[in-house]
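Asks: Dropping the structure in here first, questions after.
The values are calculated or read from the model by the stated rules, or taken from the named source; none is laboratory data. The model shown is predicted, which means the values in this text are computed figures rather than measured ones. Cβ: placed from backbone, ideal geometry, glycine included. Neighbour counts: every protein chain shown.
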Amino acid sequence: MDKKKFIILSLFVIGFVAIILISSRTYKVDSRYRQPAETETDPFQGKECSDLECVADRFLNCKIASYGNGKITVLIYGLVDGKCYVKVSKDTTKTCYLSQKNLSIPLLNQLLGNDEGLENVVAQECR
């Protein structure tokens, strides 16, 4: 290979590497400063309930909601694959995928630890 071809090939390689480095650096800077949308950071933002009446309304309609009073935490994530995704923490945490036909105030009471005779529903749809 003569000297002229070697220099031209070297310049192409250097230019190609420089383009890759510049474009990857730009991507890293952009992605580092990208701020996620509010819905990405906290799906419950603006959907906090201050009382169990609000939780009951959101539960019956399977709408996103959160509630916590220090002893009980209820997170309603909404519909997932046609089921209402709910987490209830009292002494333990129950993760439930509830059939919409079963959503009722007695079921919410059962999830909160009150005996409503719906242990079978909770056993089948929660873990």
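Asks: So which residues in the range 67-126 are among the hydroxyl-bearing types (Ser, Thr, Tyr), touching a residue at least 24 places away in the same chain (Cβ under 8 Å) and either in a strand (DSSP E or B) or surrounded by fewer than 13 Cβ atoms within 10 Å (Cβ to Cβ) (or both), if there are any at all?
Replies: Correct list: Tyr77, Thr95, Tyr97, Ser99.
Asks: Between a residue in the range 29-55 that is of a type in the set (Ser, Thr, Tyr) and any residue that is at pLDDT 65 or above, which pairs come within a Cβ distance under 9 Å, given they are 6 or more apart or on different chains?
Replies: Thr39/Gln45; Ser50/Tyr67
Asks: Same structure, new question: Looking at Lys90, is it in the same structural domain as Val55 (by TED's automatic domain parsing), within 18 Å of Asp57 (Cα to Cα) and among the basic types (Lys, Arg)?
Replies: No, not satisfied.
Asks: Counting only residues that are at pLDDT 65 or above, part of a loop (DSSP other than H, G, I, E, B) and over 30 Å from Gly78 (Cα atoms), how many does the range 1-51 have?
Replies: Within the range 1-51, residues that are at pLDDT 65 or above, part of a loop (DSSP other than H, G, I, E, B) and over 30 Å from Gly78 (Cα atoms) number 1.
Asks: Can Cys54 be described as in contact with a strand residue (DSSP E or B) (Cβ under 6 Å, 6 or more places away or on another chain) and either modelled with pLDDT of 95 or more or within 30 Å of Ser104 (Cβ to Cβ) (or both)?
Replies: Considered against the rule, which asks whether it is in contact with a strand residue (DSSP E or B) (Cβ under 6 Å, 6 or more places away or on another chain) and either modelled with pLDDT of 95 or more or within 30 Å of Ser104 (Cβ to Cβ) (or both), Cys54 comes out as no.
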